[in-house]
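Report on the structure given below.
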Amino acid sequence: MTKSPRRRCKICREWFNPRFPNEWWCSPEHGTEYALMLRQKEMLKQEQQRKKEAQQERRHHQIRKLEVKPLSYFHSKAQAAFNQFIRIRDAEQPCISCGRHHEGKYDAGHYRTRGASPATRYDETNCHKQCVPCNQHLSGNIENYTPNLIERIGQEAFDVLMGPHPVKKWTREELEELAARYRKKTRELIKQREQQ
Ligand SMILES: [Zn+2]
Ligand SMILES: [Zn+2]
């Protein structure tokens, strides 16, 4: 039997002459230590694997949860992100209908309602900062909204907004994408203004 070449102990890094091909330690003590080290490594690996599996399981669970949600859930998420953007975009503007700069609450008021014109519910020309009294108590205060809207977006954009529009069928993916896009636009707008 040929003598194995010298190797370094895995624990103390000293050179030694192994007696067996699988001996990687210079002494029984370092042999024990090395075995413990390997075991700890193995346990750590298993722990990481368990964590990864648990994370994947949670992700699949979330996807399943979204799969059973109705389309209206995705619309409300998208509309919230879109409306938030409109309020931030128009932060310096008065109410589109009554022209007041008042201290009260503001909505994102649609000119063409979501019910009557679903195709324009995420159209930026169709939605502007509006005070709560005009939006909620005067049904949008449309007679004043109309001239102010034309002044703000121009006659041409107004005519485009008035349509006709092809029927739009939204998918969950489109709505999720739209919500993410508007959250990003809002963040970018806030950041841009902070830098001014
Ligand atoms: Zn050693
Ligand atoms: Zn108003």
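Please treat every number below as a calculation from the coordinates, not as lab data. Please read all numbers here as calculations on a predicted model, not as lab measurements. Here the Cβ positions follow ideal geometry from the backbone for every residue, glycine too, while neighbour counts run over all protein chains shown.
Taking GLN155, GLN46, GLN130 as the candidate residues, the one with maximal mean-square fluctuation in a Gaussian network model of the chain, Cα springs under 10 Å, is GLN46.
Put a plus charge on the Cβ of each Lys and Arg, a minus charge on the Cβ of each Asp and Glu, and nothing anywhere else: the dipole of the chain about its Cα centre is then about 1300 debye. Rounded to the nearest 10 degrees, the inclination of helix 172-194 to the longest alpha-carbon principal axis of the chain is 80 degrees. Hydrodynamic analysis of region 113-173 uses the Kirkwood radius over alpha carbon pairs. Inserted into Stokes-Einstein at 20 °C and 1.002 mPa s, it gives a translational diffusion coefficient of 168 µm²/s. Per residue, the convex hull around the alpha carbon atoms of the chain comes to 274 Å³. The tail of the calculated P(r) for region 15-68 beyond 18 Å holds 59 percent of all Cα-Cα pairs. Helical content of the chain, expressed as a calculated mean residue ellipticity at 222 nm, amounts to -18000 deg cm²/dmol (DSSP H runs of 4 or more residues, -39,500 (n - 2.57) each, divided by residue number, nearest 500). A Gaussian network model of the chain, with springs between Cα atoms under 10 Å, assigns the largest mean-square fluctuation among LYS45, LYS169, LYS69 to LYS45.
Before anything else, pin down the relative contact order of region 1-53: Cα pairs under 8 Å, at least 6 apart, normalised by residue count, whole percent. That works out to 24 percent. Normalised by the number of residues in region 71-194, the average gap of Cα pairs under 8 Å and 6 or more apart makes the relative contact order 36 percent.
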